Every structure is written in structure tokens, then in C-alpha cells.
Amino acid sequence: MAVPIDLLNNSEPSSDEDFSDSEISYSLKDESSEINSARETETNPSEEEDEFWVRYPYLKSIIGTIVAQQGLVPEDNAYERGKLLGDEDAKELNEEVKALFLMELEIFRKKCELLSSFISKVFSGK
């Protein structure tokens, strides 16, 4: 059974005249300038942040996967502290993490070969 909308509204019906004397003014221009200024302040730090982490993607990855997920420090703090390393230390650590990832890939490849060998031997009947 449908209920008329007028019955759902507990307040008195109002007209546009009730709001015409209101002191609140609204301007789309004001809102758009506020949004643009907020975006400008937000994008400046993130551009610098992105530039740092673009140079050191392996370091960023290990910070995100190991440090933050283990709960040692909050993720945002870990990234902020990581930027404080400086380029020389960050570059060195990035290379070490890259080498570690390559070793992990090699181990994964060997595990896959071992699994393939196991499956072929099990299903070949030998």
C-alpha cells in the first residue's frame, strides 16, 4: 500500500518565501575557489612524495609490504620516515631490495620447476 509523501513529512509545508529572507548566501564561484585552493595544497606535497618514490620503487614496496603490514609503524609514518633517508641511502637500500626481489623470483622459479618435476613423475607412473 502506497503512503502519500505528504503523510511521511512531519513538518509543516513550506514555501520558497520562507527562505527568501534568509541571511545565508551561496555562490558556486566561492565553492569552486575553495576546492581549487584545497587541491593545490594537497597536490604539492604529493608530487614531491611521488617523485621520491618513483626513483625508489623497490624501497617503497618493501616499506609497504613488510614494515607497514607487520604493524611496526603506521604506513603513513613509514613512508614519511623513508623520505628522510636522503637520496644516497635510499638508492643503496633500493638496490639491495631489488636484489632481494630478484633472488625471491629465482627461488619461486625453482619451486615451480620442482613442482613441475613432481607432477610429471607422479602422473607418468614411474
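The values are calculated or read from the model by the stated rules, or taken from the named source; none is laboratory data. In this text the structure is predicted, and so the values were computed from the model without any measurement. Don't worry about glycine lacking a Cβ; one is built from the backbone with ideal geometry, like all the others, and counts go over all protein chains shown. Ligands, DNA and RNA are stripped out before the accessible areas are found, and what is left, the full protein with its side chains, is counted by its heavy atoms. Shrake-Rupley method; radii C 1.70, N 1.55, O 1.52, S 1.80 Å.
Summary of values
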quantity	calculated
Filter result for Leu115 (modelled with pLDDT of 95 or more and under 17 Å from Ile66 (Cβ atoms))	no
Among (1) of a type outside the set (A, V, I, L, M); (2) open to solvent by less than 80 Å² (accessible area, probe 1.4 Å); (3) closer than 21 Å to Phe52 by Cα - the single one Ser120 does not satisfy	(3)
Filtered residue count, the range 80-99, keeping only those that are part of a helix (DSSP H, G or I) and open to solvent by 40 Å² or more (accessible area, probe 1.4 Å)	13
Contacts under 8 angstrom Cβ, first residue in the range 83-98 being touching a residue at least 40 places away in the same chain (Cβ under 8 Å), partner in a helix (DSSP H, G or I), 6 or more apart	Lys98/Tyr58
